[in-house]
Amino acid sequence: MAFGGFPEPFTKASPRFHQRWQREYEMLLTREDVRDFSRISDLKGMEHLVKLLPERVGSPLSVNALREDLGVHFQTAANWVEILKKIFLVFTIRPWHNRSLAVIRKEPKLYFYDWSFIQGRGERFENLMAVALSSLAARWTETGLGDFEIFFIRERGGGKEVDFLLADRKRPVALFEAKTGQSEISAAGKYFANRLKVPFYQVVLNHESPAEYPGNCFVIPAELFFMLTG
């Protein structure tokens, strides 16, 4: 949670070293890698974008809002986000949908590969889970177990939402929610578990032991969850 998943800052576990390393990492990607990878001349604008994105983790990403904050055209802002994905600074997950549920279909959520960029404790923990689940889905796909992908699910109009949905060939397999302290099963988790007929796992930071609840719902301590996901 504190130092991210990159080996050097993680093993040193020094706040001062981590801050210096992260600044150099950000500069390397946004200046050298972006310059080598593309023809972008507005590197300052790209750096500004990287500063804006952490506060948008955990919410559907509005490129139009980014465009307004950056003072650039819509397509420019969209292209810059795609470049940050290609240099592996960030990644996005799409909303899951089908015809039977009234859920959003368009705006993705954005996360960082280095979750220590995120300041809010809840948002940072959600970002960490996004990395772990995406890695798990990729590993299961690569080993031939299926064609797995991570989504999120959210009702239209800002209603019920669950952080993550694991699917195999777009078919729901399980739902996951990141919580920093709440062990009581979320109403949204129970609702979507019932509608989709899949288990719901509420992963709670610093929770002591797993527990099972009615409706195919479970609480899992974060430590156990990350051991299982690898």
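If you go through the range 46-76, how many residues are in contact with an Asp or Glu (Cβ under 6 Å, 6 or more places away or on another chain) and among the polar types (S, T, N, Q)? Residues that pass the stated criteria total 0. Of the helices (runs of 4 or more DSSP H) contained entirely in the range 1-61, those carrying at least 1 residues that are buried (at least 17 other Cβ atoms within 10 Å of the Cβ), modelled with pLDDT of 85 or more and within 22 Å of the chain's Cα centre (by Cα) fall at 7-12, 15-27, 43-52.
Within the range 202-214, none of the residues are within 20 Å of the chain's Cα centre (by Cα) and part of a helix (DSSP H, G or I). Filter the range 67-115 down to the residues that are touching a Leu at 6+ places or on another chain (Cβ under 7 Å), over 25 Å from Phe3 (Cβ atoms), assigned to a loop (DSSP other than H, G, I, E, B) and among the hydrophobic types (A, V, I, L, M, F, W, C) and list them by number. Of everything in the range 67-115, just one residue is touching a Leu at 6+ places or on another chain (Cβ under 7 Å), over 25 Å from Phe3 (Cβ atoms), assigned to a loop (DSSP other than H, G, I, E, B) and among the hydrophobic types (A, V, I, L, M, F, W, C), namely Trp96.
Among the residues of the range 143-166, is any touching a Lys or Arg at 6+ places or on another chain (Cβ under 8 Å), of a type in the set (S, T, N, Q) and over 20 Å from Pro108 (Cα atoms)? No, because not a single residue in the range 143-166 is touching a Lys or Arg at 6+ places or on another chain (Cβ under 8 Å), of a type in the set (S, T, N, Q) and over 20 Å from Pro108 (Cα atoms). Here the condition is being within 23 Å of Lys106 (Cβ to Cβ), touching a residue at least 12 places away in the same chain (Cβ under 8 Å) and buried (at least 21 other Cβ atoms within 10 Å of the Cβ); of Ala137, Ala188, it holds for Ala137 alone. If I ask for residues that are among the polar types (S, T, N, Q) and more than 20 Å from Glu126 (Cα to Cα), which ones from the range 56-102 would you list? Those that are among the polar types (S, T, N, Q) and more than 20 Å from Glu126 (Cα to Cα): Asn64, Gln75, Thr76, Asn79, Asn98, Ser100. Taking (1) more than 15 Å from the chain's Cα centre (by Cα); (2) not in a strand (DSSP E or B); (3) not basic (Lys, Arg) in turn, Ala132 satisfies each apart from (1). Cβ separations smaller than 9 Å between residues 6+ apart or across chains give the following pairs from the range 141-154 residues that are on the phi > 0 side of the Ramachandran plot to residues that are of a type in the set (Lys, Arg) and assigned to a loop (DSSP other than H, G, I, E, B): Gly146/Arg169.
Residues in the range 135-150 that are part of a loop (DSSP other than H, G, I, E, B) and hydroxyl-bearing (Ser, Thr, Tyr): Thr143 only. Flag: Lys44 matches the condition of being farther than 28 Å from Arg154 by Cα and not hydroxyl-bearing (Ser, Thr, Tyr). Scanning the range 172-197 for residues that are of a type in the set (A, V, I, L, M, F, W, C) and assigned to a helix (DSSP H, G or I) yields a total of 5. Restricting Ala193, Ala178, Ala222, Ala211 to residues that are within 22 Å of Glu107 (Cβ to Cβ), touching a residue at least 24 places away in the same chain (Cβ under 8 Å) and among the aliphatic types (A, V, I, L, M) narrows the list to Ala178. From the set of residues in the range 102-133 that are surrounded by 20 or more Cβ atoms within 10 Å (Cβ to Cβ) and hydroxyl-bearing (Ser, Thr, Tyr), which is modelled with the lowest pLDDT? If we take residues in the range 102-133 being surrounded by 20 or more Cβ atoms within 10 Å (Cβ to Cβ) and hydroxyl-bearing (Ser, Thr, Tyr), then Ser116 is modelled with the lowest pLDDT.
The values are calculated or read from the model by the stated rules, or taken from the named source; none is laboratory data. The model shown is predicted, which means the values in this text are computed figures rather than measured ones. A quick note on method: Cβ atoms are made from the backbone with ideal geometry, for glycine too, and the neighbour counts reach across all protein chains shown.
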